[in-house]
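Only one structure is covered here, and it is reproduced in the block below.
The values are calculated or read from the model by the stated rules, or taken from the named source; none is laboratory data. A quick note: this is a predicted structure, and the numbers were derived from the prediction, not measured. Note that we place each Cβ from the backbone using ideal geometry, even for glycine, and neighbour counts take in every protein chain shown. These accessible areas exclude ligands, DNA and RNA; they are computed on the full protein's heavy atoms, side chains included. Shrake-Rupley method; radii C 1.70, N 1.55, O 1.52, S 1.80 Å.
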Amino acid sequence: MGISISKLKGDLFGGITAGIVALPLALAFGVASGMGAKAGLYGAIFLGFFAALLGGTKTQISGPTGPMTVVMASIVTAVKGDVSSVVMIIMLAGIFQIIFGIIKLGSFIRYIPYPVVSGFMSGIGIIIIILQINPALGSPIKGSPILTIASLGSTLSNINLQALFVFIITLLILYLTPKKIGKIIPTPLLALIIVTPIANILNFDIQKIGNIPQGVPSPIIPSINLHMISIAFTFSLSLAILGAIDSLLTSLVADSITRTKHDPNRELIGQGVGNALAGLFGGIPGAGATMRTVINVKTGGNSRLSGIIHAIFLFIVLIGAGKYASYIPMALLRVFLSKLGLI
């Protein structure tokens, strides 16, 4: 009985800690995707819950990730922001992942050359960093790295010093906070609770998240124009493959820490169900998140219950504290994304 209580405490603490870290990241990824902060939170809740419940990696924490968000931003641009089309593409991606698991494609992850994965992830990291330059300096975000670089001269000549101040202070908190403090309060949360009040008390003229609807999200009817079927198929398959690779690589990391062995095909099914439901309710897709998974394990998470608790924590935040998230500066969230591009 003592061991069971100990494990339960570990799952509770690990899940809540992972949820605290996931909160600002989910909001940031939602904004970066072009679907809004609420979409990031919805995605983290639905994917986080069902991937933990049905997946094949007991300690994995799933939610929006950098690589998936970059692709999502391209999708939103391609369909001109049509929400029903975006929902259809995300749901198809989830269905593809379920099929991957059923036909046991998960076992082939070990055949992907490491340089291919490393090069791809490095490229995604560079894209993430470049896309944060404009919002960090208080300028409108551009749709691609090339456009961002091309407009750099104009951006530098119109710097919003208040946005830059928020960006720099947040960066300093993330990188210079003593490890002893970071173990007690995760640095993303620390930056959130320090910088947000400062920006609002001083009445900074900078962009903020804006209102986030509270309560349970409603399902959205998916649809796609006939002339966009081929584009939708391509995007959904890209999301499915990328999410599968991202998740299974994180599963390998979890295995190495916990000395366990995941079930790759079950993991793909769990990810697919989570992503399909996330899309249905207006959330962005995601995958197994390495940083959040490691934090979960290191703080006591030892079963799929920790991932479920992480999702429940985010849901409680959604229904009870969503109104406070509207005050969070966009420049603050952009720092989180910039840091993720480096790790």
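Some notes on this structure:
- Test for G215: is it open to solvent by less than 80 Å² (accessible area, probe 1.4 Å), at positive phi and at pLDDT below 85: yes
- Search result, residues across the range 264-301 that are within 19 Å of I20 (Cα to Cα), within 17 Å of the chain's Cα centre (by Cα) and of a type outside the set (V, I, T): G283, G286, A287, G288, A289, M291, R292, N296
- The residues listed here are I221, I168, I185; of these, the one that is open to solvent by 70 Å² or more (accessible area, probe 1.4 Å) and within 26 Å of K38 (Cβ to Cβ) is I221.
- First in the range 232-247 and open to solvent by 10 Å² or more (accessible area, probe 1.4 Å), second anywhere and outside any helix (DSSP H, G or I), Cβ under 6 Å, 6 or more apart: D246/T65; D246/A287
- Which numbered condition N296 fails, given (1) modelled with pLDDT of 90 or more; (2) open to solvent by less than 30 Å² (accessible area, probe 1.4 Å); (3) assigned to a helix (DSSP H, G or I): (1)
- Residue within the range 248-266 that is within 12 Å of A52 (Cβ to Cβ), crowded, with 18+ Cβ neighbours inside 10 Å and not small (G, A, S) present: no
Yes or no, residue by residue, for (1) of a type in the set (G, A, S); (2) in a loop (DSSP other than H, G, I, E, B); (3) more than 24 Å from G288 (Cβ to Cβ):
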position	(1), (2), (3)
K183	no, no, no
I194	no, no, yes
A199	yes, no, yes
D205	no, yes, yes
Q214	no, yes, yes
S218	yes, yes, yes
I221	no, yes, yes
I231	no, no, yes
L239	no, no, no
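- Residue count for the range 317-329, restricted to those that are touching a strand residue (DSSP E or B) at 6+ places or on another chain (Cβ under 8 Å) and either surrounded by fewer than 19 Cβ atoms within 10 Å (Cβ to Cβ) or assigned to a helix (DSSP H, G or I) (or both): 2.
- S4 passes every criterion in (1) out of contact with any Pro (no Cβ under 7 Å at 6 or more places or on another chain); (2) in contact (Cβ under 8 Å) with a residue 24 or more places away in the chain apart from (2).
- Residue ID - farthest from A276 (Cα to Cα), chosen from residues in the range 204-262 that are of a type in the set (D, E) and more than 19 Å from the chain's Cα centre (by Cα): D205
- Selection status of I90, touching a Ser or Thr at 6+ places or on another chain (Cβ under 9 Å), closer than 24 Å to L314 by Cβ and modelled with pLDDT of 95 or more: yes
- Pairing residues of the range 295-311 that are closer than 14 Å to L53 by Cβ with residues that are charged (D, E, K, R), at Cβ distances under 8 Å and at least 6 apart in sequence or on separate chains, gives S303/K7; S303/D11; S303/K58; R304/K58; L305/D11; S306/D11; I309/D11; H310/R292.
- Yes/no for I269 being of a type in the set (V, I, T) and in a helix (DSSP H, G or I): yes
- A residue that is touching a Ser or Thr at 6+ places or on another chain (Cβ under 8 Å), open to solvent by 30 Å² or more (accessible area, probe 1.4 Å) and over 21 Å from G34 (Cα atoms) cannot be found anywhere in the range 305-316.
- Among residues of the range 181-204 that are closer than 14 Å to Y327 by Cα, those with a beta-carbon under 6 Å from a residue that is open to solvent by 20 Å² or more (accessible area, probe 1.4 Å) and in a helix (DSSP H, G or I) at least six positions away or on a different chain give the pairs A191/I173; V195/I169; F204/Q162.
- Those residues of the range 147-161 which are under 25 Å from T77 (Cα atoms), among the hydroxyl-bearing types (S, T, Y) and either assigned to a loop (DSSP other than H, G, I, E, B) or open to solvent by less than 60 Å² (accessible area, probe 1.4 Å) (or both), in sequence order: T148, S151, T155
- Hits in the range 267-293 (condition: at pLDDT below 95, surrounded by 24 or more Cβ atoms within 10 Å (Cβ to Cβ) and among the polar types (S, T, N, Q)): T293
- Test for P24: is it open to solvent by less than 20 Å² (accessible area, probe 1.4 Å), touching an Asp or Glu at 6+ places or on another chain (Cβ under 8 Å) and not in a loop (DSSP other than H, G, I, E, B): no
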